[in-house]
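Beneath this line is the structure, given in structure tokens, with notes to follow.
Read-outs throughout are calculated quantities, based only on the coordinates presented, and are distinct from any laboratory measurement. It should be emphasised that the depicted structure is a prediction, and the values quoted were computed from it without experimental measurement. Cβ placement follows ideal geometry from the backbone for every residue including glycine, while neighbour counts extend to all protein chains displayed.
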Amino acid sequence: MNCPRSGLYAITQTENKTLATVLADVAAVIRGGAVLVQYRNKQPHDALAWATALAELCHRQNAPLIINDDIGLAAQVGAAGVHLGKDDGEIHHARKCLGAAAIIGVSCYNSLDRAREAVRCGADYVAFGRFFPSTSKPLAAPAKLATLHQAKQELSLPIVAIGGILPENGAGLLATGANLLAVIGGLYDQTDPEQAARAYQALFPS
């Protein structure tokens, strides 16, 4: 499955939620237009069961599921790919485990050098952030718009922006260089995640 070139990248919000609620939330944001879904669970209840259920849902909806941090779990559930932070393993290992068609994303924070290295190693997208204060990652170091702009000048693969992104500030990130907007709270802190997703999708060219 190819990595989407633009659109809303919905990351799960799992804290204090049941699996049924998370599945309903993800189904809603896919209906709202999310082009990519990431399973992120820093305190997993039953990671395999949750990831399996999400993989089945995303497969039915033809939405690629990315597993955060865990190459082995992504392989177990047949996910579309994996997202790697700085301590989550190497791209070549992920490629070997998941195959040539897997979508492999890399967190680059505010580092162009890390993004360049990810490209050399065969990543399918790079992610920068946080760009705004974030309740999901309150201690994450801020990224600069200048980094995003320079990445757009240099790199040909999709660029993801993350961190405190709302419909009100997302357009500026897209204009600066982002192709995809990764969102957690802006979707699931709302009473209607589907409509929240539509508000983000409206920022992208149809």
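Points worth noting:
- Efficiency of FRET between Arg116 and Lys17 - r from beta-carbon atoms, R0 30 angstrom, step 0.05: 0.20
- Mean Cβ count within 10 Å, highest first, over the residues of peptides 14-25, 72-83: 72-83, 14-25
- One chain, two ends: Glu154 and Asn169. Fully extended at 0.36 nm per residue, the span grows by 3.0 nm beyond their Cα-Cα distance.
- Peptides ranked, highest mean first, by Cβ atoms within 10 Å: ranges 171-184, 57-70: 171-184, 57-70
- Considering the chain at the alpha-carbon level, its Rg and Dmax are found to be 15.5, 42 Å.
- Exposure proxy for Leu139, Leu36, Leu112: other Cβ atoms within 10 Å of each Cβ, ordered fewest to most, give Leu139, Leu112, Leu36.
- Computed about its Cα centre, the charge dipole of the chain is approximately 400 debye, with only Lys, Arg, Asp and Glu carrying charge at their Cβ.
- Per-pair calculated FRET efficiency, R0 = 41 Å: Thr191 and Asn2 via Cβ, rounded to 0.05: 0.80
- Normalising the Debye intensity of region 1-79 to I(0), with uniform scatterers on Cα atoms only, and taking log10 at q = 0.11, 0.18, 0.21 Å⁻¹ returns -0.24, -0.66, -0.91.
- If only the Cβ of Lys and Arg carry +1 and only the Cβ of Asp and Glu carry -1, the dipole of region 1-102 around its Cα centre is close to 320 debye.
- All lysines inside 28 Å of Lys17 as judged from Cα atoms, apart from same-chain residues fewer than 8 positions distant: Lys42, Lys86, Lys137
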